[in-house]
Protein chains: 2
Amino acid sequence: MSPTSTLGEQLDGERFWSDLMDQARFGALEGGGLRRLTLGAADNRARLWLMEQGEALGCTSHYDALGNVFLRREGRDPGLAPLLIGSHLDSQPCAGAYDGTLGVVAGLAVLRTLSTLGIAQRRPVEVVSWTNEEGARFAPGASGSAWFAGRRDPETILAAQDDEGITFKAALADCLAQLDAHGAAFRPEPVVPHAFLELHIEQGPVLEEKGVPVCVVTGIQGVNWYEVEVNGQANHAGTTPTASRRDAFMGAHALVDALTEAVAAHDDQVRFTIGRFALSPNSVNTIPQQARFSIDLRHPDAEVLEALDLAFRHLAEKTWAGCSARLEATSRVAPVAFDERLVAVLDEAVKARCPQAPTLVSGAFHDAIHLAQLCPTAMLFTPCRAGISHHPDEHIERADAEVAVRTLADAVERLLNEEETLR
Amino acid sequence: MSPTSTLGEQLDGERFWSDLMDQARFGALEGGGLRRLTLGAADNRARLWLMEQGEALGCTSHYDALGNVFLRREGRDPGLAPLLIGSHLDSQPCAGAYDGTLGVVAGLAVLRTLSTLGIAQRRPVEVVSWTNEEGARFAPGASGSAWFAGRRDPETILAAQDDEGITFKAALADCLAQLDAHGAAFRPEPVVPHAFLELHIEQGPVLEEKGVPVCVVTGIQGVNWYEVEVNGQANHAGTTPTASRRDAFMGAHALVDALTEAVAAHDDQVRFTIGRFALSPNSVNTIPQQARFSIDLRHPDAEVLEALDLAFRHLAEKTWAGCSARLEATSRVAPVAFDERLVAVLDEAVKARCPQAPTLVSGAFHDAIHLAQLCPTAMLFTPCRAGISHHPDEHIERADAEVAVRTLADAVERLLNEEETLR
């Protein structure tokens, strides 16, 4: 390594960007964007492309029982746990070219830099593409990383079916056969990494608004989902005096007032969204009998989520405009705080290039949520235009992405130079 | 007429109730209630039954181009405009036995009383059953009365189709053929009545709550319908900070707050109902792009409706939680105030039996809304259990209904004894 220049500074930004453009061919849609559903033809070709790129750099290719693909640059001490970098190559049905892929191609760019510079690092470095992060073809998503981290039962994953009745198991068998035919080595057991790093687009507006090209992500918000039911009494809209009404819409309206007030009592990191709302019988001239709505509640701090959960439950026990309410939690995912030491290393690398960078908590899920249960994990975000993702309009600025990938390489350099392990 | 007893007191309550039970056979549903869609077999049989009842009392039977059926008890002066009493015999698809029918059978009970007592009144008295008040088979409703009062073009009425593609015209031809075969006389032109009286169930909770068997109705509320659209920006529920959101649900919520505040500035006769509400894309973890909701706004006073219309329009021009709004009036029906002198006559008859009776404004439409444009018109209400109608659970107490029909007879007596006409 040059004593005067960081690994990131020596990274070939031109090649990084052309790799990113190259991979966008697999599943490209006419008019822009791509469709690369997990374990489909385009997704499998992207896996093979990744292996070919790694092999050209002298890396070995591996795959596991879930079709997760690994490129390994051997270390001077092959027995050390590898430093793992990556994300996913699959996409939503009508998506952009950066969600996931950016993090895989960024890992490849780091391997390419180590190789070009002929760096013989002590610790093995691996780049991974996780299978089925999106969950668009087979729900739920993050299958590969959840299995790898021992967080999800393989039988449950394999039994999932797509819209055409094809099982995850059948689609996976086809993929594994292609990887085997390519000559990649099968790795039956997960190798616990030294640490996992994931660069991802923000999928939110903050970095663009602040004009910052990269920042460290300190964790992933917890999410509670609720279904709320408000039960009143249907009646004629013309003949029923206001005082005699038990109007489920007005009950829901009053309850929403109280819920938003409970939310406002906490900090501005709370995300509170009512995304679904339905009335029954849903007739212009009938007082609603029932209102049903969803709540998506997020916060990085488990205690805040618990306090709001309690507050919501108390509110649901009250009467609203003469109506009874019922609140049911339909999903709970606890917040994840990334490893503090790893976050500090990444933040140093970020601040060296961008002193004004904030730290963010991810509002969306990522494979890192599962890896964090297995090894020190942290993420970097780079901005995407207007926060748009899962759409062909998803867009990143090349200049921003280059700063982000150079920052990732700098962080890798810092980690490889560390004497002690993170744990 | 007995000098010591009113017409109402001499009315045969037993027979009135058995008539009401008799007509409930036509279209009776297993388990209660009835289905007597307009111009269907059951509705036509109910027409013939009515004619037979009238003819047995010495009345003549008439029908017109819309299938409206009239029983006429001739007056000593046949040239005088008839006093018209009635309502409708058709029903909603799954209805009770009183909505409409009560008013027709009550008119028949008045004819029966005049006949039994051998009263030779000067002015002709007629009982009518209007065609298609409900509008359940052929929309919109109140076809017969609207045509009779010159308020609706016959071609438009005849062109309406039911769910099976049968036209009003075809169904009507079948009905008219049956009426002709029965021997009823065809009346090509409407005969403008001296006055029109309609007894109807309240279809609201007020009289039951007050424990009052009958009251006079002073008019029919005006109704404005609106469609409101609130447009925000769809975004990820997890990654979009609260301050960056343009949440269409929260915009609609704030606008509803302002609308209800505008309503609260008026008296408690305002009826304000949001019966339909929809979000788009209606996904748990997506901030709503659009909210759409309906408003049903009613008041007896046109000026109040106009003031609220203006207030609603001003509110829709503002920004709500960062969202724009659009308000469109989809329907407007002006309020009707019934003839003051006729209302006074009815109210005297009501107060003689029930001094504590309130006066009400009808929240629902009735055939009287059209007749009021043609001749002095007023209505009586009698309570129905829990305000329920358009359902087999629709129920009236026999004791209440008897007081109501006796009150109607008393009012008829007062009108027949009047020297001068109402106009």
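The values are calculated or read from the model by the stated rules, or taken from the named source; none is laboratory data. Given the structure is predicted, the values throughout are model-derived calculations rather than measurements. Neighbour counts run over all protein chains shown; Cβ positions are idealised from the backbone, glycine included.
Observations, loosely collected:
- The set of residues in segment B:145-172 that are surrounded by 15 or more Cβ atoms within 10 Å (Cβ to Cβ) and in contact with a strand residue (DSSP E or B) (Cβ under 8 Å, 6 or more places away or on another chain) comprises B:Ser145, B:Phe148, B:Leu158, B:Ala160, B:Gln161, B:Phe168.
- Residues (closer than 19 Å to A:Thr377 by Cβ and among the small types (Gly, Ala, Ser)) located in segment A:60-106: A:Ala81, A:Gly86, A:Ser87, A:Gly100, A:Gly103, A:Ala106
- Of the numbered criteria (1) in contact with a helix residue (DSSP H, G or I) (Cβ under 7 Å, 6 or more places away or on another chain); (2) among the basic types (Lys, Arg); (3) under 14 Å from A:Asp64 (Cα atoms), the one A:Arg187 fails is (1).
- So B:Glu209, is it at the interface with chain A (Cβ under 8 Å from one of its Cβ atoms), assigned to a helix (DSSP H, G or I) and either over 25 Å from A:Ile295 (Cα atoms) or in contact (Cβ under 8 Å) with a residue 40 or more places away in the chain (or both): yes
- Test: residue in segment A:75-87 that is over 21 Å from the mean Cα position of the chain (by Cα), surrounded by fewer than 23 Cβ atoms within 10 Å (Cβ to Cβ), among the acidic types (Asp, Glu) and part of a helix (DSSP H, G or I): no
- Tally of residues being under 30 Å from A:Asp301 (Cβ atoms), aliphatic (A, V, I, L, M) and in contact with a Ser or Thr (Cβ under 9 Å, 6 or more places away or on another chain) across segment A:264-290: 2
- Residue in segment B:162-174 that is β-branched (Val, Ile, Thr) and in contact (Cβ under 8 Å) with a residue 60 or more places away in the chain present: no
One line per residue, one yes/no per condition, for (1) closer than 30 Å to B:Arg137 by Cβ; (2) surrounded by fewer than 21 Cβ atoms within 10 Å (Cβ to Cβ); (3) assigned by TED's automatic domain parsing to the domain that holds B:Gly96:
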{"position": "B:Asp12", "(1), (2), (3)": "no, yes, yes"}
{"position": "B:Trp17", "(1), (2), (3)": "yes, yes, yes"}
{"position": "B:Leu20", "(1), (2), (3)": "yes, no, yes"}
{"position": "B:Arg25", "(1), (2), (3)": "yes, yes, yes"}
{"position": "B:Arg36", "(1), (2), (3)": "yes, no, yes"}
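- Taking the criterion of being at pLDDT below 95 and either within 17 Å of A:Glu55 (Cα to Cα) or not assigned by TED's automatic domain parsing to the domain that holds A:Glu413 (or both), no residue of segment A:184-199 qualifies.
- Looking across B:Thr286, B:Thr273, B:Thr240, one residue alone is free of Cβ contacts under 8 Å to residues at least 40 places away in the same chain and at the interface with chain A (Cβ under 9 Å from one of its Cβ atoms). It is B:Thr273.
- Filtered residues of segment A:358-392 (kept if away from chain B (no Cβ under 13 Å), farther than 20 Å from A:Ala97 by Cβ and surrounded by fewer than 22 Cβ atoms within 10 Å (Cβ to Cβ)): A:Thr359, A:Gln373, A:Leu374, A:Cys375
- The number of residues in segment A:243-254 being within 8 Å of chain B (Cβ to nearest Cβ) and surrounded by fewer than 22 Cβ atoms within 10 Å (Cβ to Cβ) comes to 3.
- Number of the condition not met by A:Phe148 [criteria: (1) within 11 Å of chain B (Cβ to nearest Cβ); (2) modelled with pLDDT of 95 or more; (3) within 23 Å of A:Phe138 (Cβ to Cβ)]: (1)
- Selection within segment A:283-323: residues that are among the β-branched types (Val, Ile, Thr) and more than 32 Å from the chain's Cα centre (by Cα). The member of this set that is surrounded by the fewest Cβ atoms within 10 Å (Cβ to Cβ) is A:Thr319.
- Note on segment A:216-237: among residues that are more than 16 Å from A:Gln289 (Cα to Cα), of a type outside the set (Val, Ile, Thr) and out of contact with any His (no Cβ under 8 Å at 6 or more places or on another chain), the one that is nearest to the other protein chains (Cβ to nearest Cβ) is A:Trp225.
- Any chance B:Ala411 is in contact (Cβ under 8 Å) with a residue 60 or more places away in the chain and out of contact with any His (no Cβ under 8 Å at 6 or more places or on another chain): yes
- Considering (1) facing another protein chain (nearest Cβ under 9 Å); (2) crowded, with 18+ Cβ neighbours inside 10 Å; (3) modelled with pLDDT of 95 or more, the lone condition that A:Asp257 does not fulfil carries the number (2).
- Of the residues making up segment A:289-329, those that are under 30 Å from B:Ser331 (Cβ atoms) and either within 11 Å of chain B (Cβ to nearest Cβ) or among the basic types (Lys, Arg) (or both) number 5.
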